[in-house]
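**Q** My structure is below; once you've seen it, I'll send some questions.
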Amino acid sequence: MKKSFLAYLAVAFLGCGGGAQEKDVLCLALEVSPNKLDPAYVVDVAEGEVASLIFQGLVRFSPDGEVIPDLASSWEISDDGKRYVFHLDRRMRFSTGRRVGASDVAFSFKRLLSPDCRSPRKWVLERIKGADAFSEGMAPEIEGLAVLDDSTVSIELEGPFRPFLQLLAMPAARIVPEELFVDTKAHSGAPAALVSNFSEKPVGSGPWVLDSWERGDHLMLVPNPFHPAGSQTLRAIRYRIIPEAFTRIAEYESGSLDVLKIPSAELPRFLGNPSLSRRIQSVPELRVLYVGLNNTRKPLDDPCVRKALNMAVDVERIIEVLANGEAVRAAGAIPPSLKGYRKRPAYSYDPGASRKLLLEAGLGDGMELDIWQRDSPEGNRILEAIQGYLSEVGIQVRLVKREWSAFKEAVSKGKVDAFFLDWYADYPDAENFLYPLFHSENTGGGGNRSFFSSAEIDSLIELAHRTLGENECYNLYAKIDSLVYEEAPWIYLYFPKSFEVVSLGITGYRIPFLYLARQYEGVRKS
Amino acid sequence: MLHYTIKRILLFLPILLGVATITFFLLYILPGDPVLSMVGERYDEETIQKLREEMHLDKSVGVQYAHFLKKLAKLDFGRSYVTGEPVWDSIWKRFPYTFRLAVAAMAISVVLGISAGVLAAWKWGGTVDHVAMGVSIVGISMPVFWLGVLLIYLFSIKLHLLPPSGYGGGSPAYLILPAFTLAQASAAYVARITRSSMLDEVREYYIQAARAKGVPERKVLVKHALRNALLPIITVVGTDFGSFLSGAVLTESIFAWPGLGRFTLDAILKRDIPAIQGAVFFMAVVFMVINLAVDLSYAWVDPRIRTGRRSGSE
């Protein structure tokens, strides 16, 4: 015992394994460590990015955000938009070498929806007919899910839902090998719960396989030898976990990182350096920044007060100074790069008109407003500016900083006046910026944290879900976005841009439209 | 001595129970819901409720505490809410990284601190003394994150001598900057304590007697004065070592070092209650063991303690 403890300490001091940088290995950084790589439990960006490399869905996103074949080589959608039939690509194999079959698809979907799984992302598949009954344990099977043959799956929805294919490209709908989840529960007909080490040693059919994972330090991915894509030119991808922005920059500048996401405060320095600026790529983020106003609290339940707040803040100036002019002002929630976006006049910065509106609302003596935030450099800078602008119209803002879980609890329960937050697209469709954020079904945890509620908006969003004609549908989204904007449930801020700098010697790298679309196909490192 | 050691070890139990209880109730009082950390930005209440039931968070505080004590008796902190990994496994995986950093930092602290302190005492009132004490004041005052950033800028970005961060598979080059950053405040404090403790000793009669006998000055200082000045130094070094072994949050974050400090910080930020409880319990054990070792080392350093005699009783 004593010997083994001493041996443990000796190993502890002399080294714990791992590997140094190698050739042909793409070195990337993650700000936070993924917690779980099991697709059923993937919730954040880091987890989503890595899981998307390891697992395949029936479909996936191209770097441009289009839905393209992944496991399914083709599919048909019925005219009423309710029935989907997917034909699997028979070449696809898990990293264990076994071919992916239709039963794996059915199993993965049943597992995600099963009551035992307790997946926080079961909403991704809840539009499948019978999904609710199955996930509540009321039905042994999902009514709308059927395996037609070894490589054909049919899915029937409760009602038409145009972005359904995009939902299928999300990490939660990725396919796992059934045999790794067989336990006693499987014999009773219910899918097995999380196998404890699946998240540690995930097995998928994606282009990359998890080779090693030292929590808090790095993840190493190597190509899946059974993946037919064959366009992997890299030997491995090494993700290092580097929480501090300064350290990530230092790693890039010392040549240890191949791609760096540039923090907004550092952007002028990078753009001003000619040798670096040539290697900078940018993409508009599918993200909107806003200050949510609790629409149920007095005096914020009055749309005039909310409009007055929008008119009191010079968002253009904030973009110019704090986002280096590299952002698009939000006059709606739908980002400019998505269909359904319409350019419309934003609330003009007019402190005089703002004061007048506040006076009309009986707030001539001013008011106090608590704005909650989680600690982030981006949020701190923006909110201090907003605090200054609002004080000019007599609104005394108190900034309340909380860490993420305390923040989320208070905000989701409607316990705060206002809060600073952003919304990052789960999938690249305008629907994802309207239904979660403004439908009354989603108040609180569902995403509608401003507790905005309008029967008209609800019914229009539902109508858009059922509308299959593309033009008709996006016109409807644009109309909804405009109607919500007129109600000013938030202080609308801006749609940021993401900037990445790529090191010399890296070719073929392109920032995708959405983090889930990263595949690193054709990337070379000389 | 054996009796004393056993008594001290037995005292660990009530202290650990106290630490675990305080941690449990602090986490209960603090705002923030651990379930919300697990589910991302979009979730439904039903899933939240099911998770809460599974984690026993829907039970009364009394029931939760009883459940906690039952598991504590078996030294089982369960699995992390966030990663699903058993908490002890995570701690044992992370501790080697912290241990390595702590030992290196302590070595730097002891070597630099004691050398500077002895030198300053030897050249008391001279330039060397003033420089050493000036540098030590800077060392104590300089925030860890500032020094870390400066060292990375100088040695990694400008001079390209050392890697900026990471563990590097155990390569010693990766250890130098974080160890030095972690050691600086401790080294500065050890230098000051060594100097003042040495100055107390060099005024004693036995030192004058040794000098009168013609013992060389270096031998007088190192063999006679330093040995007698060691007690307060050991206390400082021991406490610092304990805190290094509990994880150095700032140093580990700046240098992306995958040790216990970052594990604990991540657990706190995500309200990962089992992981926080496990980490705090582990830190308490480390501190108690180090303190016991420090107390026992007094006897080794000072025979008067070992034999129960007091100074001046003869």
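**Q** Can you sort B:160, B:224 from fewest to most other Cβ atoms within 10 Å of each residue's own Cβ? Kindly include the intermediate steps, with their values, before the conclusion.
**A** On the way: B:160 11, B:224 19.
Placing the least packed residue first, the sequence is B:160, B:224.
**Q** Please report Rg (one decimal) and Dmax (integer) in Å for the Cα set of region A:287-497.
**A** Final numbers for Rg and Dmax: 16.3, 51 Å.
**Q** Run the quick spin-label model on residue A:396 and residue B:56: label points 7 Å from Cα toward the beta carbon, then report their separation in nm to one decimal.
**A** 4.6 nm
**Q** Specify whether the C-alpha gyration tensor of region A:397-526 places it in the rounded, prolate or oblate class, a ≥ b ≥ c being the square roots of the eigenvalues: rounded for a/c under 1.5, otherwise prolate if a/b is larger than b/c and oblate if not.
**A** Oblate.
**Q** Using 7 Å Cα-to-Cβ label points, what is the residue A:342/residue B:111 separation (nm, one decimal)?
**A** Label at residue A:342, label at residue B:111, 7.2 nm between them.
**Q** For region A:464-526, what class follows from the C-alpha gyration tensor (a ≥ b ≥ c being the square roots of its eigenvalues): rounded when a/c is under 1.5, otherwise prolate if a/b is larger than b/c, else oblate?
**A** Oblate, since a/c reaches 1.5 and b/c is not below a/b.
**Q** Beyond a 19 Å Cα-Cα separation, which of these cross-linked pairs lie in this structure: A:36/A:415; A:298/A:415; A:36/A:122?
**A** Cα-Cα > 19 Å for A:36/A:415; rest within.
**Q** Subtracting the Cα-Cα distance from 0.36 nm times the residue separation, let me have the gained length for residue B:199 to residue B:89 in nm, one decimal.
**A** Computed gain between residue B:199 and residue B:89 is 34.8 nm.
**Q** Sketch the reach of a paramagnetic label on residue A:233 as a point 7 Å from Cα along Cα-to-Cβ, and name the residues of region A:487-518 whose backbone nitrogen lies under 17 Å away.
**A** A:502-512
**Q** Hey, another quick one. Set the Förster radius R0 to 41 Å, insert the Cβ-Cβ distance between residue B:45 and residue A:360 as r into 1/(1 + (r/R0)^6), and round the FRET efficiency to 0.05.
**A** 0.60
**Q** Find the all-direction average of the projected area of the Cα convex hull for region B:6-84, expressing the result in square nanometres with one decimal place.
**A** Details: hull surface 25.3 nm².
Averaging across all directions leaves 6.3 nm² for the Cα convex hull.
**Q** Angle between the Cα long axis of helix B:127-141 and the longest principal axis of chain B, 0 to 90 degrees, nearest 10?
**A** 10 degrees
**Q** Hey, another quick one. Above 18 angstrom, tally the Cα pairs of region B:27-172 and express them as a % of all pairs, no decimals.
**A** Counting every Cα pair in region B:27-172, those more than 18 Å apart make up 76 percent.
**Q** What do you get for the angle between helix B:87-122 and the principal long axis of chain B? Use alpha-carbon atoms, 0 to 90 degrees, nearest ten.
**A** 20 degrees
**Q** Tell me the label-point distance for the pair residue A:23, residue A:158, using the 7 Å Cα-to-Cβ offset, in nm and rounded to one decimal.
**A** The answer from the label model is 5.7 nm.
**Q** Using a Förster radius of 56 Å, what is the FRET efficiency between residue A:280 and residue B:239 based on their Cβ-Cβ separation? Nearest 0.05, please.
**A** 0.70
**Q** Okay, moving on. No solvent, one uniform scatterer per C-alpha: report log10 I(q)/I(0) for region B:92-307 via the Debye equation at q = 0.08, 0.11, 0.16 1/Å, two decimals.
**A** -0.34, -0.62, -1.09
**Q** For peptide A:402-412, how many partner chain Cβ atoms fall within 10 Å of a residue's Cβ, on average?
**A** 6
**Q** May I ask you to derive the relative contact order of region B:167-268, considering only C-alpha pairs under 8 Å and at least 6 residues apart, and to give it as an integer percent?
**A** That works out to 29 percent.
**Q** Continuing with this model, one more query. Kindly provide the helix-only [θ] at 222 nm of the protein assembly as shown, computed as the sum of -39,500 (n - 2.57) over DSSP H runs of four or more divided by all residues, to the nearest 500 deg cm²/dmol?
**A** After summing the helix terms and dividing by the residues of the protein assembly as shown, the value is -14000 deg cm²/dmol.
**Q** How do A:368, A:126 line up, fewest other C-beta atoms within 10 Å first? Could you put the intermediate results ahead of the total?
**A** Numbers: A:368 9, A:126 16.
So the residues, fewest neighbours to most, are A:368, A:126.
**Q** Give the Kirkwood hydrodynamic radius (Å, one decimal) of region A:56-193, defined as one over the mean of 1/r across all pairs of different Cα atoms.
**A** Radius from the Kirkwood sum: 15.1 Å.
**Q** Same structure, new question: When you count, for each residue, the other Cβ atoms within 10 Å and take the mean per peptide, how do A:242-250, B:254-262 rank with the highest first?
**A** Details: A:242-250: 22.0, B:254-262: 28.1.
In decreasing order of mean packing, A:242-250, B:254-262 become B:254-262, A:242-250.
**Q** Could you tell me how many degrees, from 0 to 90 and to the nearest 10, lie between the Cα long axis of helix A:2-14 and the main elongation axis, the longest principal axis, of the Cα atoms of chain A?
**A** 60 degrees
**Q** A further question follows. For a quick protection proxy, order the peptides A:337-345, B:148-156 by their average other-Cβ count within 10 Å, most packed first. Can you show the working numbers first?
**A** On the way: A:337-345: 15.6, B:148-156: 19.1.
Result, highest mean Cβ count within 10 Å first: B:148-156, A:337-345.
**Q** If contacts are Cα pairs under 8 angstrom and at least 6 residues apart, what is the relative contact order of chain A in percent?
**A** Relative CO of chain A lands at 20 percent.
**Q** Kindly list the residues of region A:162-179 that lie in the label zone of residue A:66, defined by a backbone N under 17 Å from the point 7 Å along the Cα-to-C-beta vector.
**A** A:165-166, A:169
**Q** How do A:365, B:76, B:44 line up, fewest other C-beta atoms within 10 Å first?
**A** Ascending Cβ contact count within 10 Å gives the list A:365, B:76, B:44.
**Q** Of all the C-alpha pairs in the protein assembly as shown, what % are more than 39 Å from each other?
**A** Within the protein assembly as shown, distances greater than 39 Å cover 48 percent of Cα pairs.
**Q** Sticking with this structure for a sec: Could you give the length gained on full extension between residue A:413 and residue A:90, defined as 0.36 nm per residue of separation minus the Cα-Cα distance, in nm?
**A** Details: separation 323, 0.36 × 323 = 116.28 nm, distance 4.76 nm.
Roughly 111.5 nm would be gained on extension.
**Q** What FRET efficiency, computed as 1/(1 + (r/R0)^6) with R0 = 41 Å and r the Cβ-Cβ distance, is obtained for residue A:80 and residue B:74, rounded to the nearest 0.05?
**A** The value I calculate is 0.10.
None of the figures in this text is laboratory data; all of them are computed from the coordinates on show. Bear in mind that the values here come from a model prediction, so they are computed numbers and not experimental data. Methodologically, a virtual Cβ is constructed for each residue, glycine included, from the backbone with ideal geometry; neighbour enumeration extends over all protein chains shown.
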